[in-house]
1. Place a +1 charge on the Cβ of each Lys and Arg in the chain and a -1 charge on the Cβ of each Asp and Glu, then give the dipole magnitude about the Cα centre in debye, rounded to the nearest 20.
2. Specify the angular offset, from 0 to 90 degrees and rounded to the nearest 10, of the alpha carbon long axis of helix 45-74 from the longest principal axis of the alpha carbons in the chain.
3. In the range 13-75, which GluC sites (Glu not before Pro) are in a loop and have at most 16 other Cβ atoms within 10 Å, using DSSP for the loop call?
4. Exactly which trypsin sites (Lys or Arg not before Pro) in the chain are in a DSSP loop and have at most 15 other Cβ atoms within 10 Å?
5. Within the accessible area of the range 26-75, what % is carbon and sulfur when the probe is 1.4 Å and the other protein chains stay in place?
6. Per-residue ellipticity at 222 nm for the chain, helices alone: DSSP H runs ≥ 4 residues times -39500 (n - 2.57), over residue total, nearest 500 deg cm²/dmol?
Amino acid sequence: MSFPKFLLGDNTDYQEAIFVIHTEFPRFIINLVNDEVEWLEEFDKDDKKELENEAENLFKSANDFYDREIERYTD
């Protein structure tokens, strides 16, 4: 079984937060309320350079995923 690229995360200790978890490399959790990111990977210099180019697109994809999921809940 494969996992989805993005998952929604919920925690009652953080009721105002909207967490999206990215399950593929580079794995991270983003709080869409304040754009705080927790990386779940260790990066070397080469990875960091590549990540600079890719991060903005990943965060936009996380936001798009959330919007799509919320739209599906309201339908």
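The values are calculated or read from the model by the stated rules, or taken from the named source; none is laboratory data. None of the values given here were measured: they were computed from a predicted structure. Positions of Cβ are generated from backbone atoms using ideal geometry, with glycine treated the same way; all protein chains shown enter the neighbour counts. Please note that ligands, DNA and RNA were not included when accessible areas were found on the heavy atoms of the full protein model with its side chains. Shrake-Rupley method; radii C 1.70, N 1.55, O 1.52, S 1.80 Å.
1. Working: 8 positive and 21 negative charges, 39 e Å.
It works out to roughly 180 debye.
2. Compared with the principal axis, the helix lies near 10 degrees.
3. Working: sites: 16, 24, 36, 38, 41, 42, 50, 52, 54, 56, 69, 71; in loops: 16, 24, 41, 42.
Passing both the DSSP loop test and the Cβ count: 16, 24, 41, 42.
4. Working: sites: 5, 27, 45, 48, 49, 60, 68, 72; in loops: 5, 27.
Taking the chain and a limit of 15 other Cβ atoms within 10 Å, the loop trypsin sites (Lys or Arg not before Pro) found are 5, 27.
5. Numbers: 1660 of 3950 Å².
About 42 percent, which is the carbon plus sulfur part of the accessible surface.
6. Values: 1 runs with 30 residues, N = 75.
Using -39500 (n - 2.57) per qualifying helix, the result is -14500 deg cm²/dmol.
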